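See structure below.
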Amino acid sequence: MTIGSIGQGSGDSHAEDGVSIVLVRHGRTELNAAGRLRGRLDPDLDDTGRHEARSLASWLAASPVSRVVSSPLRRAVETATPIASRHDLQVDLDCRLIDRDYAGFAGTPRGEVLSEWGSLENAPNVEPLGEVYLRARHALDETAEQLEQGCAVVVAHDAVNRALLAQLLPGLPPPEAIEQPTGCLNLLRVRSGQWRVVAVALRPAKFPVAPSRWSVSADAGHLR
């Protein structure tokens, strides 16, 4: 099963038309494991994260990947590199996919920020989620427009992915409630400028064989 054939049987007569984008969240880092905000900090993947990156590369090995685009932060590049290597590609960096800027809260436990400010949106100097969406959406649109064949893999961060998914599929929960575990992927399609979310938060490290059909649960915001 390849990305190009996922979606058959969904009842959409245009399931095989348009462009496919695999939107990936990078693998785990020690800061992820500790529940700390990462933002523009630049840690490497930990052992679990490297396993997640290898699982993503294996899962996508038979798919027609023709471009790999990544946030410039190391945790994203280290996730993108094994995928690109499987397809004899280079990793193209796009700064618009960089993680949300948490300003002075980077490295702070997420729970502490939420306890003090109620939400990340309320915390001073944190990049507004709307701005995260706009810059990432421009990167996503350009990637789709420049794709001549196959599909593109885009490796970004939880805040970036959640902002995109919440706008592209309005039936999902608010961005902060959308599931985006480390090392997960989401399948998107765009046809004539119209984006469609096919699947959310699939974890190749836990599902080594691609399913025959994907669908998205608007209530739970995950694959079913």
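Numbers for the structure displayed
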quantity: The range 81-121, residues that are free of Cβ contacts under 8 Å to residues at least 40 places away in the same chain, in a loop (DSSP other than H, G, I, E, B) and among the small types (Gly, Ala, Ser); calculated: 118
quantity: Residue ID - modelled with the highest pLDDT, chosen from residues in the range 167-183 that are within 28 Å of residue 61 (Cα to Cα) and more than 12 Å from the chain's Cα centre (by Cα); calculated: 168
quantity: Residues satisfying the stated conditions in the range 165-182, i.e. touching a strand residue (DSSP E or B) at 6+ places or on another chain (Cβ under 7 Å) and either on the phi > 0 side of the Ramachandran plot or not in a loop (DSSP other than H, G, I, E, B) (or both); calculated: 165, 168
quantity: Test: residue 50 is at pLDDT 95 or above, closer than 25 Å to residue 143 by Cα and not small (Gly, Ala, Ser); calculated: no
quantity: Subset of the range 136-164 that is part of a helix (DSSP H, G or I), surrounded by fewer than 24 Cβ atoms within 10 Å (Cβ to Cβ) and of a type in the set (A, V, I, L, M, F, W, C) - its residue that is nearest to the chain's Cα centre (by Cα); calculated: 139
quantity: Residue match in the range 122-135 (condition: more than 12 Å from the chain's Cα centre (by Cα), within 30 Å of residue 62 (Cβ to Cβ) and not in a helix (DSSP H, G or I)); calculated: no
quantity: Yes/no for residue 78 being touching a Lys or Arg at 6+ places or on another chain (Cβ under 9 Å), among the acidic types (Asp, Glu) and part of a helix (DSSP H, G or I); calculated: yes
quantity: Among the candidates 190, 197, residue that is farther than 19 Å from residue 79 by Cα, over 14 Å from the mean Cα position of the chain (by Cα) and touching a residue at least 12 places away in the same chain (Cβ under 8 Å); calculated: 190
quantity: Residues within the range 184-224 that are of a type outside the set (Phe, Trp, Tyr), part of a strand (DSSP E or B) and modelled with pLDDT of 50 or more, tallied; calculated: 15
quantity: Sole residue being farther than 22 Å from residue 177 by Cα, hydrophobic (A, V, I, L, M, F, W, C), touching a strand residue (DSSP E or B) at 6+ places or on another chain (Cβ under 8 Å) and crowded, with 20+ Cβ neighbours inside 10 Å, chosen from 93, 45; calculated: 45
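The values are calculated or read from the model by the stated rules, or taken from the named source; none is laboratory data. It should be emphasised that the depicted structure is a prediction, and the values quoted were computed from it without experimental measurement. All Cβ positions, glycine included, derive from the backbone under ideal geometry; neighbour counts span all protein chains shown.
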